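Below you will find the structure I want to go over with you.
Nothing in this text is a laboratory measurement; each read-out follows from the coordinates by a stated rule. In this text, all values refer to a predicted model and were calculated from it rather than measured experimentally. Note: ideal-geometry Cβ built from the backbone for every residue, glycine included; neighbour counts use all protein chains shown.
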Ligand SMILES: Nc1ncnc2c1ncn2[C@@H]1O[C@H](COP(=O)(O)OP(=O)(O)OP(=O)(O)O)[C@@H](O)[C@H]1O
Ligand SMILES: [Mg+2]
């Protein structure tokens with residue numbers, strides 16, 4: 001299911017004043033993919049997701065599901081519509097007094113599903129999330145990762161056409177985060193589900209999302225393919241997020257540090273190799289073709305769901321004209337060249 005947002009606005013007023021949490025957001029969220037929404041704390045992510053998932057109505061603007069306006073539905077239609085929306089949260093929101101299976105059954109009971117259908121669906125969902133032997137376990141005895149698996153099973157039990165994940169992995173350690181993201185990716189592909197993933201972690205975007213919107217101060221500052229945004233970040237917020245991802249040793253994919261630096265000095269040029277270009281011996285060709293020398297200062301590969309991006313931070317020395325020609329050659333070969341100002 002695709003979602004279109006048209007100039008959404010939402011202002012909250014409290015005793016301390018009023019704050020416009022969502023300030024004119026327009027977005028097209030394509031169907032059948034994992035779409036990320038990233039922003040710092042307080043950027044307005046949760047507020048935006050409450051509007052998109054029809055939990056709250058915007059002060060201004062419109063929400064369309066598959067081209068049909070849904071922000072102004074009647075109460076009865078809204079209840080129907082919301083039954084096809086799945087949500088998972090950072091703190092799982094499970095009933096601790098119920099077993100895993102009873103938690104998954106809960107939304108089905110609300111929809112007055114027949115008991116034998118519930119039983120079947122619950123077993124199917126437990127299997128889907130890899131916990132078929134834990135159905136009778138009280139939720140309080142499960143680990144954080146298992147709790148999130150049960151929350152995913154509960155969200156999918158109603159067979160939603162869209163799944164919202166609001167910081168679904170923020171309470172989990174890197175390994176568990178990785179396995180939950182893999183599960184969501186698997187399920188997305190298997191069910192052709194549309195997933196909107198809210199996060200403040202660039203690692204989550206890198207490891208799970210195909211497209212992303214960057215939110216800051218209630219506004220979309222950047223949006224597009226994750227591969228493009230990682231290779232050509234435009235906004236300061238995005239650059240800031242990306243600089244933390246390489247410096248943060250506790251990144252989701254710990255075993256793959258994104259940049260290895262073997263010299264603190266130099267590094268005037270940042271070269272980014274996308275997809276197939278990562279396998280080409282471009283640098284050695286460069287020094288054969290032109291009268292230049294290069295000195296690599298740092299390098300690494302980022303693995304994205306769609307493509308890999310290789311990064312080399314390097315100096316290129318030689319006569320000005322030769323260096324210029326070499327840079328032009330790199331660009332012609334499909335490599336993105338950024339020059340330090
Ligand atoms: N119900 C509310 N009443 C008053 N202010 C609110 C309400 N909901 C959100 N806000 C304010 O709107 C702004 C955006 O909040 P929001 O929860 O959407 O941010 P967020 O991006 O989800 O942050 P986090 O990453 O910390 O979850 C904040 O300044 C917050 O205090
Ligand atoms: Mg939030």
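Take the alpha-carbon centre of the stretch 165-207, take the same for the stretch 74-100, and report the distance between them in whole Å.
Each part reduced to its Cα centre gives a spacing of 18 Å.
Counting helices only, and only those DSSP H runs with n ≥ 4, report the 222 nm mean residue ellipticity of the chain as the sum of -39,500 (n - 2.57) divided by its residues, in deg cm²/dmol to the nearest 500.
After summing the helix terms and dividing by the residues of the chain, the value is -10500 deg cm²/dmol.
Over 20 Å intervals from 0, what percent of Cα-Cα pairs in the chain sits in each interval?
Using 20 Å bins, I get a P(r) of 28, 49, 20, 3 for the chain.
Rule-of-thumb check for the stretch 260-339: C-alpha Rg over 2.2 N^0.38 Å?
Dividing the Cα Rg of the stretch 260-339 by 2.2 N^0.38 Å gives 1.06.
Okay, moving on. Separation between the residue 136 and residue 28 pseudo-spin-labels, each 7 Å from Cα along Cα→Cβ, expressed in nm?
Distance between the two pseudo-spin positions: 5.2 nm.
Could you sort 109-119, 221-231, 57-67 so that the peptide with the highest average Cβ count within 10 Å comes first and the rest follow in order?
Listed from highest to lowest mean packing, they are 221-231, 57-67, 109-119.
While we're looking at this one, here's another question. Using only the alpha-carbon atoms, how far is helix 144-157 inclined from the longest principal axis of the chain? Give it as 0 to 90 degrees, nearest 10.
With rounding to tens, the tilt is 60 degrees.
Give me 336, 180 ranked fewest to most by other Cβ atoms within 10 Å of their Cβ, as a rough exposure proxy.
336, 180
Express as a percent, rounded to the nearest 5, the fraction of DSSP beta bridges in the chain (both residues included) that run antiparallel.
Counting DSSP beta bridges with both partners in the chain, the antiparallel share is about 70 percent.
Then there's this: How would you rank 264-273, 195-204, highest first, on the average number of other Cβ atoms within 10 Å across their residues?
Highest-to-lowest ranking by the protection proxy: 195-204, 264-273.
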